[in-house]
Structures are given as structure tokens and as C-alpha cells.
Amino acid sequence: MKPRLLVVYALCLLVPALSLGAGAWVLLRREAAQMEARAVETARQEALLVAERMALAVAEAEDALGDQFTPLRPPDREAALLDLERRNPLVRNTFVWSADQGLLWPPPEDTGSRERVRFRERFAALFAGELPWDGDHVLAPDLAEPADRSARLAPRALRAYAEAPAGAPVRAFTDSWMPWLHENRLHILGWAGDPTAEVWGVELEVMALLARLIEALPLQAAEGETWDLVDGAGRVLHRVGVDPEPEAAPQTSALISPRLPHWRIAWYRAPGIAPGSQGLMATGALVLALLLAVLGLGGALLLRLAWASQREALRKTTFVSNVSHELKTPLTTIRMYAEILEEGRIRDEARRRSYLETIGHESRRLARLVNNVLDFSRLEQGRKRYRPEPLDLAEAVREVVSRETPRLQAAGLRVEGLDGALPCPVRVDRDALEQILLNLLDNAVKYAGAGRRLEISLDQTGGRARLRVRDHGPGIPAAHRAKVFESFHRVDDTLTTRTPGSGLGLSIARRLARDLGGDLEFDAPPGGGARFTFTLPLEPGASA
Ligand code: ADP
């Protein structure tokens with residue numbers, strides 16, 4: 001497969017995977033944002049409800065108090081007011097005010113109580129007549145049309161209006177409430193009467209009212225959430241839940257009542273913990289990551305397979321051309337010498353013998369190659385059969401080596417180390433054993449002829465026979481040491497390139513060795529060259 005095609009495949013896989021991932025991520029984000037918005041909306045509704053409950057609590061407190069002080073009349077009005085002040089925790093102060101004489105109650109001479117003094121100070125402008133008596137339930141005495149007024153009148157005011165004798169000027173015998181800011185704190189004054197004549201009423205104990213308001217807040221907040229009751233100056237009067245971030249702005253808030261100007265319920269939530277959205281994002285992200293990982297892994301695997309099959313195909317093509325070359329060379333030599341001998345032109349006996357030797361040598365080489373190719377295909381198809389027989393490994397190796405000596409010598413190699421080898425009883429397939437050894441000797445001839453010495457040693461270790469073939473040739477570069485045992489792999493140096501070979505010898509030798517219960521390994525011995533170690537289990541009970 002061409003690299004360009006690989007890139008196209010990779011893109012075909014990556015682009016949809018990434019777009020899918022990005023799309024899913026956007027959808028997840030959108031879903032999470034919607035959940036967040038829904039959570040805020042729910043909190044907003046709840047805040048409105050809480051504010052409404054608080055407004056109701058304020059109205060109830062005012063109504064209950066209004067019912068108590070509105071009907072009061074002289075002469076025992078002041079005593080009743082004092083009683084109210086003492087008994088009702090919602091009442092902070094009481095008062096009677098006359099348009100002509102100013103504050104009548106508490107008596108001006110009552111300066112003993114600090115609270116009374118401060119009460120007078122707080123509302124001084126009102127008691128001095130500098131500011132009008134304000135409120136939403138005022139029933140002025142000279143209103144002409146009841147119908148016009150009813151829209152602005154509280155039920156109690158309407159009752160007073162209805163109860164007044166026909167035609168008589170109606171006096172505002174009803175309560176009215178006004179918020180009053182003094183030194184940045186809220187005070188609430190409730191009054192009844194006629195501002196043009198006489199007015200009496202109470203000052204609310206805001207702290208006691210606050211205790212009632214707090215009851216309307218949720219008992220506890222959800223995880224990461226906060227409910228605050230905030231006054232007009234921004235002070236948090238009560239908090240349910242965790243402390244929000246110092247500069248955090250509430251996600252939603254609701255005003256409570258005009259009687260508590262700017263008082264509000266504020267709701268906060270720590271970022272990113274909308275109920276459900278966190279889990280959704282986490283699950284989504286996990287699924288997405290898994291999907292991308294599976295796609296990525298699948299893609300990588302496919303590319304790897306494509307790459308491997310491309311390499312395999314390339315190796316097979318090289319193998320075919322290498323094998324054809326290896327087959328053709330000995331065949332050409334055999335044919336050429338056979339033809340010369342056939343013609344009978346050579347009279348010299350020594351030359352005839354040398355030609356015959358070459359023919360024999362080349363046909364053996366051909367046989368080895370064909371054996372390798374046949375072995376390879378049998379091993380590949382799992383059809384290779386073995387006939388193990390007891391034999392002396394030292395003897396078998398000596399036999400093969402002595403048979404191959406002329407070839408080794410012709411290549412300039414002198415075999416050393418085998419003479420003193422002790423008997424080594426093993427149980428193996430003789431042909432397979434020979435094939436392994438021949439492949440190792442073949443390589444020594446092909447690649448290590450210049451090294452002169454070929455050391456072959458045999459010993460026993462750990463219940464195994466160990467045969468070592470060590471040459472003094474160029475050795476195998478580190479990067480190729482594991483790969484030379486793969487089928488078709490050849491080192492890409494000049495020596496290998498100009499030496500014919502199929503790249504099958506070592507891979508077949510190792511597979512045979514392993515099939516025989518042994519192994520074949522390579523190591524680079526100190527001093528250079530190549531060393532192949534072939535181990536084989538000893539016959540049970542045998543040892544050196
Ligand atoms: P080939 O038919 O190419 O010899 P092998 O499987 O026998 O195939 O060997 C694989 C490769 O290992 C060879 O092509 C060669 O590059 C390298 N090789 C094998 N034996 C030796 C050796 N004794 N010295 C140097 N290189 C070797």
C-alpha cells in the first residue's frame with residue numbers, strides 16, 4: 001500500500017472520529033447548559049415563593065398588630081399602648097401624636113429610657129410635622145367618591161368607611177405602615193388615625209419580624225447552593241447553605257415586599273454543580289473518550305495491519321526474485337559443465353573430476369535451497385512431520401561438518417573445536433537437525449568466509465545439549481539481531497546484497513529447533529563475529 005493511501009485511510013478514520021467527538025461534546029455542553037438554566041429557573045421560582053411567603057408573614061404581623069392598636073381610643077389608649085409594648089415582642093415602641101401638639105405619648109418628660117430618646121430622634125422629622133404621614137392605606141377625610149378610593153383601600157379602611165354614618169366626613173380610622181430608613185437601617189412604623197388631627201401607633205421590632213421571615217427560607221440548601229436573606233444595604237441577615245465565593249453574584253434573586261425596601265432573597269450555586277449535569281458531563285466525557293479510544297485503537301490496528309501486510313508483500317516479492325536467482329545460478333553452472341562433459345572435449349582427468357565436483361556441489365546447494373523452500377511451506381501449513389530417533393549429537397554434527405568440510409575450506413574457513421566433543425545423547429529428527437546445521441554452515445560460508453576460523457563447540461548445560469557455531473565474520477548489526485529470525489528478513493548491507501539468499505535459512509532453523517524442543521539464538525560474542533547457539537534437551541538420564 002502506498003504511503004499516500006495510508007494517509008488517506010488514516011484521515012478517513014480520524015476526521016469522522018474527531019467530528020463525531022466534537023459534535024457529541026457540543027451536544028453534551030448544550031445539554032449541560034440547559035440543565036443549568038432549568039436549575040436556575042427552578043431556583044428563581046422557589047425564590048419568588050419564599051419572597052411571597054415572607055411578604056405574607058410581614059402582612060400577617062401588620063394585620064395582627066393593626067387589629068390591636070387601630071380600635072384604641074382615649075382615655076385608656078395610652079395605657080393600652082404601653083401594655084401592647086410590654087407584651088408583644090413585635091412592638092418596639094408606641095406613640096400618640098397630635099397635629100397641634102406634636103408627640104403626646106410617650107410623654108415628653110419621659111427621658112429615662114434611652115430607647116425612648118432614640119425613638120424620638122429616629123422619627124423626629126415626622127413628629128415635628130416636617131414630613132407627611134405616609135402609607136398605603138390612608139383614608140383621607142375629604143375623599144368624595146368611595147368607588148374611586150376603594151382601589152387604594154385596605155379591607156380595614158373600607159370597613160371604617162362603610163361603618164361611618166352616612167354623609168359624615170370619613171376619618172381615617174385605619175392602620176397604615178411606612179418603612180423608615182434611619183442611619184442606614186430599616187424601621188417600620190404603623191399608625192392609625194387622621195394625620196390632620198391625631199395619629200397613634202407602633203414601631204415594629206424588625207429583629208422579631210426577621211425571625212418570622214427566616215421561617216420562610218428552606219431549612220437546608222442543596223449541595224453547593226446558598227440561600228441568603230439580604231437587606232437594602234446589602235447585609236446578609238441570614239444564610240442557609242455554604243458560603244459563596246467572595247465576589248460571586250447570585251444566579252437569581254427576588255424582592256420581598258415594598259415594606260422592606262430592597263430586601264431580597266438571593267440564590268447562589270458554586271459553578272458547575274448543577275444537579276445531574278455533572279454526572280451527565282462525566283458519563284458523556286467517559287463514553288466519548290472510550291469511543292475515541294476505540295476508534296483510535298481500531299484505526300491504529302488497521303494501519304499497522306496494512307503496513308505489516310505491505311511489508312510482507314514486499315518481502316515475498318524480494319524472496320521470489322532472490323530464490324529465482326539462487327535457483328538459476330547453480331542450474332546454469334550445472335548445465336554448462338554437464339554440456340562440456342557431454343561433448344567429450346575434456347581429455348584431462350583432473351579437470352573432468354573438478355567439473356564433476358562442481359556439478360555435485362551445485363546440485364547439493366540446489367537441494368538445500370529446495371529443502372528450505374519445501375520446509376518453509378510445510379512449516380507454514382503445519383504439515384511438517386518429524387521422526388525423532390536416539391542419536392549422538394556429537395557424532396551427527398561431526399558427520400555433517402566433515403561432509404561439508406570441502407565447501408567450508410573452499411570458502412576459506414577452518415573448522416575448530418569439535419574434535420574433543422563428548423558424546424551427547426539426544427532424541428531428534430535427523431533431517432531436521434541436519435537442516436539446522438546446514439543453514440548455519442551455509443551462512444558462515446556466505447557471510448563469514450573472510451573470518452577464516454569457524455568454531456564449533458558442543459557441551460551440556462542444565463539438562464540440555466548446547467551446540468555453538470561461532471564465526472569471525474562481520475557479525476549482525478544490533479538492529480537486525482532479532483529480525484534475522486523472521487521469514488524473508490535479510491540485513492540490508494552490501495555483503496548481504498551481493499550474496500544470494502532467500503532470507504529463510506535462520507527462520508526455518510529456529511522453527512525446526514523449537515519444534516524439536518530446543519531453541520536457536522544469536523549473540524554477538526566479544527571480539528566480533530556471529531555466534532549461534534542451538535540447544536536441545538538431552539535424552540532423559542543422560543549426562544556428561
Ligand atoms: P539468507 O538466505 O539471506 O542467508 P538467513 O535467514 O539465513 O537468510 O539469514 C538472514 C540474514 O542474516 C542474512 O541475509 C544475513 O544478512 C544475516 N546473517 C545470517 N548469518 C550471518 C552470519 N553468520 N554473519 C553475518 N550475517 C549473517
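Key figures for this structure:
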read-out	value
Some residue of region 68-77 being of a type outside the set (S, T, N, Q), under 25 Å from the mean Cα position of the chain (by Cα) and open to solvent by less than 90 Å² (accessible area, probe 1.4 Å)	no
Residue selected from region 366-390 under the condition open to solvent by 80 Å² or more (accessible area, probe 1.4 Å) and either assigned to a strand (DSSP E or B) or in contact with an Asp or Glu (Cβ under 6 Å, 6 or more places away or on another chain) (or both), by the criterion nearest to residue 330 (Cα to Cα)	387
Some residue of region 399-412 being at pLDDT 90 or above, more than 16 Å from residue 445 (Cβ to Cβ) and open to solvent by 40 Å² or more (accessible area, probe 1.4 Å)	yes
When residues of region 498-518 are limited to those that are more than 8 Å from the ligand (Cβ to nearest atom) and open to solvent by 30 Å² or more (accessible area, probe 1.4 Å), the one nearest to residue 380 (Cα to Cα)	511
Residue ranges of strands (runs of 3 or more DSSP E) in region 182-259 with at least 1 members open to solvent by less than 10 Å² (accessible area, probe 1.4 Å) and in contact with a Gly (Cβ under 7 Å, 6 or more places away or on another chain)	185-194, 198-204, 225-230
Residue check, residue 92 on the phi < 0 side of the Ramachandran plot, loosely packed, with under 11 Cβ neighbours inside 10 Å and at pLDDT 90 or above	no
Residue within region 89-107 that is farther than 25 Å from residue 124 by Cβ and free of Cβ contacts under 8 Å to residues at least 24 places away in the same chain present	no
Extreme residue, modelled with the lowest pLDDT, among residues of region 260-284 that are open to solvent by less than 20 Å² (accessible area, probe 1.4 Å) and under 16 Å from residue 25 (Cα atoms)	277
Test: residue in region 138-149 that is assigned to a helix (DSSP H, G or I), at pLDDT below 85 and either in contact with a strand residue (DSSP E or B) (Cβ under 6 Å, 6 or more places away or on another chain) or hydrophobic (A, V, I, L, M, F, W, C) (or both)	yes
Single residue of region 529-541 satisfying the filter (open to solvent by less than 30 Å² (accessible area, probe 1.4 Å) and small (Gly, Ala, Ser)) that is nearest to the ligand (Cβ to nearest atom)	530
Single match in 437, 467 (criterion: surrounded by 18 or more Cβ atoms within 10 Å (Cβ to Cβ), more than 15 Å from residue 523 (Cα to Cα) and more than 12 Å from the ligand (Cβ to nearest atom))	437
Within region 391-461, strands (runs of 3 or more DSSP E) holding 1 or more residues that are within 25 Å of residue 475 (Cα to Cα)	414-416, 453-461
Candidates 342, 326, 362, 357, filtered to the one that is in contact with a Gly (Cβ under 9 Å, 6 or more places away or on another chain) and in a helix (DSSP H, G or I)	326
Qualifying position, being over 15 Å from residue 267 (Cα atoms) and modelled with pLDDT of 95 or more, among 203, 198	203
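The values are calculated or read from the model by the stated rules, or taken from the named source; none is laboratory data. This one's a predicted model, so the numbers in the text were calculated from it and none came from an experiment. Heads up, the Cβs are rebuilt from the backbone with ideal geometry, glycines too, and the neighbour counts pull from every protein chain shown. Calculation scope for accessible area: heavy atoms of the full protein, side chains included, ligands and nucleic acids excluded. Shrake-Rupley method; radii C 1.70, N 1.55, O 1.52, S 1.80 Å.
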